[in-house]
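*Asks:* The structure's right below; bear with me while I get my questions together.
The values are calculated or read from the model by the stated rules, or taken from the named source; none is laboratory data. Nothing here was measured: the structure is a model prediction, and the numbers come from that model. Note that each Cβ is placed from the backbone with ideal geometry, even for glycine, and that neighbours are counted across all protein chains shown.
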Amino acid sequence: MHPLHFGSLLWPSSGGSPVRYPPLAGDIDCDVLIVGGGITGTLTAFALTSAGLDTALIEEKRIGSGSTSASTGLLQYSNDAMLTELASEIGEEDAVLFYRECKHAVEKLCRLAERLPLDVGFKRRSSLYYASTEKDVPMLHAEYEALRRNGFSVDWLSEDRVRSLFPFSKPAALVTNGDGEIDPYRMSVRLAELSAGLGLRIYENTALKSLEGPKGDLRCHTSGGVIRARSVVFAVGYRPNIAGSDAIRVKLARTYAIATKPIPSLAQWHERWLIWETARPYFYARTTSDGRIVLGGLDEDYPYPTESRAELNQRAAQLLREAERLFPGQPLAIDNAWSATFGESADKLPWIGEDPEHPGRYLALGYGGNGAVYSMLASGIVLDLLQGRTNPLNDIVGLRNRRTGLPK
């Protein structure tokens, strides 16, 4: 099995000593079994446990050790597919609904992070989305108009205005308000601790081996025993084969990221906004609470992270040069560099819902550039489905839709 990341990760190195949980040793029963202990699994576990469902969670390694630990932690409601682009694919009504639900998910994440008893590196931020070239300006302005027309808090910046706020110049930019940043690893660890206090049973170093039985009486064979559950939620990130669903369509690729050493001043960085661009693949950047710059990009069409130190160092140097172009004159030096697998569906939307071919099995797969936001969406949708409620996003992100060829 290929690793999900390679290199020196930022978040685990500064995450302290998290609580450790024992592996499963014997057979247990529960209402819901969650497979996966990253940000999606722990957010879903918190939602389900808070709602009174008898829930267990298994993680084949440690909480937060998979793709979550390699995430850069940007919380943005804007999708890799812009609202205008998504509207052309699924219709304007559904596209606007999806964006609004993403905006609500960001706000829920913000409120949750703010009320957690321990620090998770959270800050509310706006996002600067700039035109990479002059030819992208009309497209970006159309996106601005679509967002504004549908009630989103968004501002337009001319080239002169961008130059007045930052030490770089770009043809134009839009600013989305109401985003944020987080330490996704620490968030997962803290959510697990909080959920365990509410009754969640957590088993680390416990892998799912096979699954059988009907909805309501699923028998999950693990490396440590059999778990009998009424339902199973697969929050398995970029290992979709674990879910055993033929409906999933995902393209895996790899990306790169760096974190600089803390720098003396970030005064040139206007309100420390999140930054990304219209080019594809795109560069993106953020800051951290201790004064680092985190920058990612250079996506490659290969499903596994590089395992070559020389190649990683070369890509890291490219990212550092991009950071130096954005913020010239800063004493930037790399402290962490890593490569990681990421995945996206053909339409840039997540896969969330019950598998129609395997009743009782629910997918919570946040593919795309909005991982933690999709994780929050998944936690609410899965809870609604388990409690018999209809969620407005069922027909957009669920499995019974045109993206799978399965009937609605």
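*Asks:* Hey, could you check segment 1-34 for residues that are within 22 Å of A105 (Cβ to Cβ) and touching a strand residue (DSSP E or B) at 6+ places or on another chain (Cβ under 6 Å) and say which is surrounded by the most Cβ atoms within 10 Å (Cβ to Cβ)?
*Replies:* The selected residue is I34.
*Asks:* Do we have G38 as closer than 15 Å to R239 by Cα and either crowded, with 24+ Cβ neighbours inside 10 Å or of a type in the set (V, I, T) (or both) here?
*Replies:* Taking the combined requirement at face value, the residue satisfies it.
*Asks:* I've got another one for you. With the condition kept exactly as written, say whether any residue in segment 368-385 is surrounded by fewer than 24 Cβ atoms within 10 Å (Cβ to Cβ) and at pLDDT below 95.
*Replies:* Within segment 368-385 (the criterion being surrounded by fewer than 24 Cβ atoms within 10 Å (Cβ to Cβ) and at pLDDT below 95), the answer is yes, since at least one residue qualifies.
*Asks:* Can you work out which of the residues in segment 119-147 that are more than 25 Å from the chain's Cα centre (by Cα) and of a type in the set (D, E, K, R) is surrounded by the most Cβ atoms within 10 Å (Cβ to Cβ)?
*Replies:* D136
*Asks:* Now, a different point. Among D384, D395, D335, which is the only one that is assigned to a strand (DSSP E or B), out of contact with any helix residue (DSSP H, G or I) (no Cβ under 7 Å at 6 or more places or on another chain) and among the acidic types (D, E)?
*Replies:* D335
*Asks:* Return the residue satisfying two criteria in turn: it lies in segment 255-305 and is outside any loop (DSSP other than H, G, I, E, B) and of a type in the set (G, A, S), and of such residues it is surrounded by the fewest Cβ atoms within 10 Å (Cβ to Cβ).
*Replies:* Ranking the qualifying residues of segment 255-305, first place goes to G297.
*Asks:* Related question: Could you say whether any residue in segment 228-242 is under 30 Å from L326 (Cα atoms) and part of a loop (DSSP other than H, G, I, E, B)?
*Replies:* The answer is no; no qualifying residue exists.
*Asks:* If you go through segment 115-168, how many residues are assigned to a loop (DSSP other than H, G, I, E, B), hydroxyl-bearing (S, T, Y) and closer than 23 Å to R280 by Cβ?
*Replies:* Final tally of qualifying residues: 2.
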